[in-house]
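Below is one structure, written out as structure tokens, with a few remarks after it.
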Amino acid sequence: MNDIATRCIDIIAKSKNIPADSISLANTFDELNIDSLDKINISFEVEEAFNIEIPDEALSTLRTVGDMVEGVAKLTTATPSPIPTR
């Protein structure tokens with residue numbers, strides 16, 4: 001499992017107070033008892049952890065842990081690196 005997946009799973013596990021090793025990319029948010037408010041709170045944690053901004057409309061399309069990991073991966077590669085100042 002890659003770093004993004006591990007970090008996302010850790011955030012979800014901490015948020016729901018469940019063991020991280022019981023969460024897989026195939027788990028749906030319904031299976032993990034993650035409601036819309038949980039999803040918002042988890043997204044804030046993920047945004048902070050990866051220094052990204054998740055569009056509000058994207059939250060409604062997330063159904064599984066894998067969806068979240070895939071979305072974070074896309075956002076982290078799309079985020080331009082800071083331009084170094086001289």
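The values are calculated or read from the model by the stated rules, or taken from the named source; none is laboratory data. Nothing here was measured: the structure is a model prediction, and the numbers come from that model. Neighbour counts are summed over all protein chains in view; Cβ atoms, including those assigned to glycine, are modelled from backbone coordinates with ideal geometry.
Looking at 70, 53, which one is part of a loop (DSSP other than H, G, I, E, B) and modelled with pLDDT of 90 or more?
53
Mind checking which residues of region 55-74 are among the small types (Gly, Ala, Ser) and touching a Leu at 6+ places or on another chain (Cβ under 7 Å)?
66, 71, listed by residue number.
If you check residue 18 against the conditions, is it surrounded by fewer than 16 Cβ atoms within 10 Å (Cβ to Cβ), free of Cβ contacts under 8 Å to residues at least 60 places away in the same chain and in a loop (DSSP other than H, G, I, E, B)?
yes
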